[in-house]
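Written out below as structure tokens is the structure these notes cover.
The values are calculated or read from the model by the stated rules, or taken from the named source; none is laboratory data. Just so it is clear, the structure is predicted and the values come from calculations on it, not from any experiment. Neighbour counts are summed over all protein chains in view; Cβ atoms, including those assigned to glycine, are modelled from backbone coordinates with ideal geometry. All accessible areas refer to the heavy atoms of the entire protein, side chains included, with ligands and DNA or RNA removed. Shrake-Rupley method; radii C 1.70, N 1.55, O 1.52, S 1.80 Å.
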Amino acid sequence: MEVEVVGSDSYGCSAYKTLFETIISDVGKATLIDKTKIILKPEIPLFIFSIRLINKPVNKVISDVASLRQEGNETHLSISDERYAPDILSQLWKNYGRDNVEQQTRFDLVVINGKEDIIAELQVSSGEEVKKDIIGALWRIMPEGIKVRHSIFDGKVITVIATEEIICPEMVKEGSTLHKSLGGVV
């Protein structure tokens, strides 16, 4: 993940880069991000975060992140992408009950009375959740008084323009220009 921070205060830029990397990592989204550019203008105040994702966020179902096989009335799952393990377990418990889901190892599960084709299509992540998680992380990074925010989404690029009171047209223009520079369309 490449992170570039532009601003008038070198200490502030360095601190925001570290803060961004830490929080994005904490929410488990660092592996989804290709490049980030942050513009800091605290004197205005204006904060612009533009993020280009590696791939466009899409809905994920269990078969996207685990291999499945049916053996009689049991469906065996082997999770191949550990990021989705908690969501898979949660969906299986919700749909089949805790008593019918056996966790043999951290990544190997058995669902009693489960049908492979039905389990394979259970959604474990949505593209909207990814965007919401990233936006939520950005809001935690911004200073307390920065309450007015304008977001631009376009495929793989997410841009948030934030200020204290009123977002002026020139702020939106600067954010849109940054958004376009990372491959977004406005």
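Quick look at the numbers
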| item | result |
| --- | --- |
| Count - residues of the stretch 121-152 that are among the aliphatic types (A, V, I, L, M), more than 19 Å from N59 (Cα to Cα) and either free of Cβ contacts under 8 Å to residues at least 40 places away in the same chain or in a loop (DSSP other than H, G, I, E, B) (or both) | 4 |
| Qualifying position, being buried (at least 20 other Cβ atoms within 10 Å of the Cβ) and not hydrophobic (A, V, I, L, M, F, W, C), among S63, S50 | S50 |
| Spans of strands (runs of 3 or more DSSP E) in the stretch 1-95 with at least 2 residues in contact (Cβ under 8 Å) with a residue 60 or more places away in the chain | 33-41, 46-53 |
| Identity of the residue in the stretch 162-186, among the small types (G, A, S) and under 15 Å from I146 (Cβ atoms), that ends up surrounded by the fewest Cβ atoms within 10 Å (Cβ to Cβ) | A162 |
| Residue within the stretch 137-151 that is open to solvent by less than 30 Å² (accessible area, probe 1.4 Å), touching a Lys or Arg at 6+ places or on another chain (Cβ under 7 Å) and β-branched (V, I, T) present | no |
| Failed criterion for Q103 (all others in (1) surrounded by fewer than 17 Cβ atoms within 10 Å (Cβ to Cβ); (2) under 30 Å from R52 (Cα atoms) hold) | (2) |
